[in-house]
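The structure under discussion appears below in the form of structure tokens.
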Amino acid sequence: MAIEPGMSLPPLKVDFVSPETMKAWAPILEDPNPIHLDREVVRAKGLGDRLINQGPINLSYIINMLQAALPGGFIESISNRFVDNVYEGDALEAGATVTTVARSGDTVRVACDFTLKAEERDIVITGTAVVELPAAVFDALG
Amino acid sequence: MTIPELPDVVGHSLDGANYVISAEQNRTLCHSLGVEPDAGGKAHPVYFYIATQVGMGETVAGLCALCNFDVEDGPMMGTCDVTYFRPLMTGEPYRVRGRILGLTRKRSRKLGIMDLVEYQLHLDLPDGTRACSVTNSWILPRGHEDGN
């Protein structure tokens, strides 16, 4: 099916936000913030009973969704608005709706609105993205 | 409750050091997300955030302190916009440059008084070629004027 405005891109599902992933990312981000690592600190701060996922991990889910839906594309831009936290154990779904498809010479730019939703709550990140693809790659996707 | 005045931080340099995305760390990161790293050396695009945040000239705590805000009081990510000019690659020494764009005070029904700090960061190659530009905003909640 051709990619066109109004079309939903295949969603990416994350069944379980894992504390192990948060632990693996803490040194990469050089962020020892205990709200990602220590439930007692989360409780003490009145932020609930579950560890809070690092924001950049949540961005990664959106990027992975875009790359899986538009393989061979180059992400030109992403604008994110952080609406809520993601917690350990959350089930998430990253999805997007195509807003424009613009062909110029040998390239095609696909713009979309996206969301990252947490099951049993609602949107945690919303935003827009533009992905550039070689026209031949774009045509092969259809 | 005393809420500190907004300091004049607009234009403060956030220029930092070089940041190199190691292939090994990129592999660890990709595997933690359930994806394979690119065989041609492209880093996961999320490194736009990691490289700028880790490589800028202030820590997050230091950036908060510049805004008269204690990082222990819980800054929150507000928005994050990135424009890529080329794929980010492992092994490349990216120079991190940037500055604070704005610090403004707002009122929110939910958070009470809050400050919004906006800053821009870039990743540049040694020859000056720009790889990406990032604009982040963080919310610094000050609480309600009645102390709640």
Legend entry - At 0.890 mPa s and 25 °C, Stokes diffusion of the stretch B:18-143 via Kirkwood alpha-carbon radius, µm² per second: 156 µm²/s
Legend entry - Total formal charge among the other residues, if their Cβ is under 15 angstrom from that of A:G46, Lys/Arg +1 and Asp/Glu -1: 0
Inset, instruction - Go ahead and estimate [θ] at 222 nm for the protein assembly as shown from helices alone: -39,500 (n - 2.57) per DSSP H run with n ≥ 4, summed, over the residue count, rounded to 500. - result: -6500 deg cm²/dmol
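Going from most exposed to least, what order do B:H12, B:H31 have by accessible area with a 1.4 Å probe?
Values: B:H12 65, B:H31 95 Å².
I get B:H31, B:H12, largest accessible area first.
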Legend entry - DSSP loop GluC sites (Glu not before Pro) with at most 12 other Cβ within 10 Å excluded, longest remaining stretch of chain B: B:6-144
Inset, instruction - Report the normalised scattering of chain A as log10 I(q)/I(0) at q = 0.13, 0.17, 0.18 Å⁻¹, calculated by the Debye formula with identical scatterers on the alpha carbons. - result: -0.61, -0.90, -0.97
Legend entry - Spatially proximal lysines relative to A:K23 (Cα-Cα < 29 Å; intrachain offsets below 8 disregarded): A:K13, A:K45, A:K117, B:K42
Inset, instruction - At q = 0.08, 0.09, 0.12, 0.14 Å⁻¹, what is the base-10 log of I(q)/I(0) for the protein assembly as shown according to the Debye formula with one equal point scatterer per Cα and no solvent? Please give it to two decimals. - result: -0.35, -0.45, -0.81, -1.10
Inset, instruction - From other protein chains only, count the Cβ atoms within 10 Å of every residue's Cβ in A:56-64, then give the mean. - result: 6
Inset, instruction - For helix A:55-69, report the angle its Cα long axis makes with the longest principal axis of the Cα atoms of chain A; keep it between 0 and 90° and round to the nearest 10°. - result: 30 degrees
Inset, instruction - Under 14 Å from the Cβ of B:G55, count the other residues' Cβ atoms, weight Lys and Arg +1, Asp and Glu -1, and hand me the total. - result: -4
Legend entry - Net charge, A:V110 excluded, C-beta distance under 13 Å - Lys, Arg +1, Asp, Glu -1: -3
Legend entry - Neighbouring partner chain Cβ atoms per residue of A:69-76, average, 10 Å criterion: 2
Legend entry - Average beta carbon contacts from partner chains per residue of B:29-40, 10 Å cutoff: 3
Inset, instruction - Report relative contact order for chain B in percent, whole number only (criteria: Cα-Cα under 8 Å, sequence separation at least 6). - result: 29 percent
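The values are calculated or read from the model by the stated rules, or taken from the named source; none is laboratory data. Here the structure is a predicted model, which means the values were calculated and not measured. Reconstructed Cβ throughout: ideal geometry from the backbone, glycine too, with neighbour counts over all protein chains shown. In case anyone asks, the SASA skips ligands and DNA or RNA and just uses the protein heavy atoms, side chains included. Shrake-Rupley method; radii C 1.70, N 1.55, O 1.52, S 1.80 Å.
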